[in-house]
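One structure below.
The values are calculated or read from the model by the stated rules, or taken from the named source; none is laboratory data. Quick caveat: nothing in here was measured; it's all calculated off a predicted structure. No Cβ is skipped: glycine too gets one built from the backbone with ideal geometry, and neighbour counts run over all protein chains shown. Surface areas here come from the heavy atoms of the whole protein model, side chains and all, with no ligands, DNA or RNA. Shrake-Rupley method; radii C 1.70, N 1.55, O 1.52, S 1.80 Å.
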Amino acid sequence: HASVEGGAGFACVARDISAGGALIAAREKIGETGNKLSLKMRVKVGDTEHMLALSCEIRSVNASRPAENEAPTVLHGLSFDNVSSQDSLVISALLYQNLVNDKDTE
């Protein structure tokens, strides 16, 4: 769930996440490059679910090229601002978990 400061909330899906930012997809444009937004997402690390609440800045906005049977989406590149130590730890654990899972499937 993403919302621009003082604006409406939008459902979104995280396509990619790194220690410094994320790529999210939404059905419509959430904001312009440079806009600040709040991103709330639930992630699962091991058997535990965590709710991340991150302050972000929109760095890029691009329309996706949908497959024939897909609805068009708008991709938003985000950078994280002032990540708490708790959220940073959860993101690091998630990235490590994804790295281990990727190696197991090779």
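For this structure, a couple of remarks:
- The HN-Hα couplings worked out from phi for the range 90-101 by the Karplus form 6.51 cos²θ - 1.76 cosθ + 1.60 (θ = phi - 60°) are 5, 4, 4, 5, 5, 5, 5, 4, 5, 5, 5, 4 Hz, whole numbers, x standing for Gly and Pro.
- Summarising the amide proton neighbourhood of Val45: residues at separation of 5 or more, or on other chains, whose placed amide H is nearer than 5 Å comprise His50.
- For Arg15, the amide hydrogen comes within under 5 Å of the amide hydrogens of Leu23, Ile24, Ala25, counting only partners 5 or more places away or on other chains and with H modelled in the peptide plane.
- Computed with the Debye formula from one identical point scatterer per Cα of the range 8-51, without solvent, the log10 of I(q)/I(0) at q = 0.22, 0.26, 0.27, 0.33 Å⁻¹ comes to -0.90, -1.17, -1.23, -1.42.
- Take each peptide in 18-26, 39-47, 65-73, count the other Cβ atoms within 10 Å of every residue, and average; sorted highest first, the result is 18-26, 39-47, 65-73.
- Nonlocal amide H pairs with Thr73, under 5 Å, H built at 1.01 Å: Ser64
- Accessible area per residue in Å² at 1.4 Å probe, computed on the range 1-53: 61 Å²
- Test item: Cα-centred dipole of the chain, Lys/Arg +1 and Asp/Glu -1 on Cβ, debye: 220 debye
- For the chain, the carbon plus sulfur part of the accessible surface works out to 47%, probe radius 1.4 Å.
- Farthest toward positive dipole pole in the chain [+1 Lys/Arg, -1 Asp/Glu at C-beta], among Ser85, Gly7, Tyr96: Gly7
- Value of [θ]222 nm, deg cm²/dmol, for the chain, DSSP H segments ≥ 4, -39500 (n - 2.57) each, nearest 500: -6500 deg cm²/dmol
- If the segment from Leu75 to Ala8 were pulled out straight at 0.36 nm per residue, it would be longer than the present Cα-Cα gap by 22.4 nm.
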